[in-house]
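Visitor: I'd like to ask some things about the structure below.
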Amino acid sequence: MKLYKADAVVISSREMREADRVLVLYSAQRGKIRAAAHGVNKPSSRKRGAVQPFCYSSFLLYRGRELDSISQCEAIETFPGLRNDLDKISYASYIAQLVDTVIVEGNTDRRIFSLLLVTLHLLSSTSMDLELLIRSFEIKLMKFSGFKPELNCCVICGESIKAKNINFSSSAGGIICDNCKNNAGQVDSYPRGAVEVLRILLEWEITKVDRIKISTSIKKCIKKIMRDYINYYTEKKLDSMYFLDKINFYRF
């Protein structure tokens, strides 16, 4: 069938021609979709409200040779709490770009769709610690996309690690014991508490993040671990990540 339906979040939008835009959608039914939204830049367009960044909308799409086209769309949730808050919209931009970068077209995973949608809801409607919320999103996304870091034992020899400080190697894919660290590429040492927090974020539901209370120093550590890990596996630093680092520079 050339026509199909998808409920999706708009994770990227760019101008194609004067009145048209190319969208990247992440859907429950088909994963990542690239589609043209013709005429949406016109003030009179009925599609305009449903194709804004981070909107969750219902789409009727027409399959094309290289690029699908949006025939109809209707907004389900627009997340108004994001729109007038620089921090929240910056975090929303980051998680959307991260999904776009990590996930390939054709990879459908309802866990990732649910994670994205729930995180947008939490960003929009709660006052929880946004940095911890994003760390929880990051580590769960890496897990669901097949890049889960090993946090329970040495990724090389399998031995448990009981030291006060724990080594972590992005290139090796997790924590490293002292005996193996010379064979693990770049290795950094972190307080044991930072790794324990990451374990909690990996296993707990993202809605429970507000129960976690940690020091600023541990928060910095888990941010660095996840930044280095994501940069290694995506092989680039995302524009939205760079912007977040700049606006958060004086906060921690």
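The values are calculated or read from the model by the stated rules, or taken from the named source; none is laboratory data. Quick caveat: nothing in here was measured; it's all calculated off a predicted structure. Counting neighbours? That spans all protein chains shown, and the Cβs are built from the backbone with ideal geometry, glycine included. The area values use the complete protein model at the heavy-atom level, side chains included, leaving out ligands, DNA and RNA. Shrake-Rupley method; radii C 1.70, N 1.55, O 1.52, S 1.80 Å.
Visitor: Expressed as a whole number of Å, what is the distance separating the alpha-carbon centroids of region 1-32 and region 144-206?
Guide: Using only Cα atoms, the two centres lie 37 Å from each other.
Visitor: Still on this structure: Rounding to the nearest 20 debye, state how big the charge dipole of region 166-252 is about its Cα centre with +1 on each Lys and Arg Cβ and -1 on each Asp and Glu Cβ.
Guide: Computed about the Cα centre, the dipole is about 320 debye.
Visitor: If you don't mind, there's one more thing I want to ask. In percent, what relative contact order does region 84-159 have, based on Cα pairs under 8 Å that are 6 or more apart in sequence? Before the final figure, lay out each step's value.
Guide: Working: 31 pairs, mean separation 26.4, N = 76.
Rounded, it is 35 percent for region 84-159.
Visitor: Taking a ≥ b ≥ c as the square roots of the eigenvalues of the Cα gyration tensor of region 25-126, is the shape rounded (a/c under 1.5), prolate (a/b larger than b/c) or oblate?
Guide: oblate
Visitor: What are the ³J(HN,Hα) couplings of region 206-218, residue after residue, when phi is run through the Karplus curve with 6.51, -1.76, 1.60 and θ = phi - 60°? Round to Hz, x for glycine and proline.
Guide: Using θ = phi - 60°, the values come out as 5, 5, 9, 4, 5, 7, 8, 10, 9, 6, 4, 5, 5 Hz.
Visitor: Students often get this wrong, so check it: of K47/K208; K88/K208; K162/K237; K2/K88; K140/K224, which have C-alpha atoms separated by over 28 Å?
Guide: Listed pairs above 28 Å: K47/K208; K162/K237; K2/K88.
Visitor: Where the convex hull is taken over the Cα atoms of region 1-54, what is its projected area averaged over directions, in nm²?
Guide: Details: hull surface 15.4 nm².
Value for region 1-54: 3.8 nm².
Visitor: Name the residue from P191, L201, A37 whose Cα lies farthest towards the positive end of the charge dipole of the chain, charges +1 on Cβ of Lys and Arg and -1 on Cβ of Asp and Glu.
Guide: Ranked along the dipole, the leading option is A37.
Visitor: Under 5 Å between amide H atoms, partner at least 5 residues away or on a different chain: which partners does I156 have, H built in plane at 1.01 Å?
Guide: C177
Visitor: Moving on to the next point. Compare the Cα positions of N231, L133, Y4 along the charge dipole of the chain (+1 at Cβ of Lys, Arg; -1 at Cβ of Asp, Glu; about the Cα centre) and return the one farthest towards the positive end.
Guide: The residue sitting farthest along the positive end of the dipole is Y4.
Visitor: Under the Karplus relation 6.51 cos²θ - 1.76 cosθ + 1.60, θ = phi - 60°, what is the ordered set of whole-Hz ³J(HN,Hα) values for region 26-43, x standing for Gly and Pro?
Guide: Computed from phi, the couplings for region 26-43 are 10, 10, 6, 8, 10, x, 7, 10, 9, 8, 8, 10, 7, x, 6, 7, 6, x Hz.
Visitor: Also, I was wondering about something else. Could you report the accessible area of H121 in Å², rounded to 10, computed with a 1.4 Å probe on the protein chains as they sit in the structure?
Guide: So the heavy atoms of H121 present about 70 Å² to solvent.
Visitor: Assigning unit charges at the beta carbon (Lys, Arg +1; Asp, Glu -1) and nothing else, what dipole magnitude in debye, to the nearest 20, does region 43-174 show about its Cα centre?
Guide: Once rounded to the nearest 20, the dipole reads 160 debye.
Visitor: Could you pull out every residue, at least 5 positions away or on a different chain, whose amide H is within less than 5 Å of the one on D7? Hs are placed 1.01 Å off N in the peptide plane, and Pro or chain starts have none.
Guide: When sequence neighbours closer than 5 places are left aside, the close amide H contacts are A28, Q29, F59.
Visitor: Quick query: amide H of N107 versus all other amide H atoms, modeled in the peptide plane; which residues come in under 5 Å with a sequence gap of 5 or more or a different chain?
Guide: HN-HN under 5 Å from N107: K32.
Visitor: Using R₀ = 41 Å, calculate the FRET efficiency as 1/(1 + (r/R₀)^6) where r is the Cβ-Cβ separation of C153 and L67; round to 0.05.
Guide: 0.35
Visitor: Something else: What list of ³J(HN,Hα) couplings, whole Hz, do you get for region 170-182 from phi and the Karplus terms 6.51, -1.76, 1.60, once you set θ to phi - 60° and write x for glycine and proline?
Guide: 5, 5, 7, x, x, 7, 9, 6, 4, 5, 9, 5, 6
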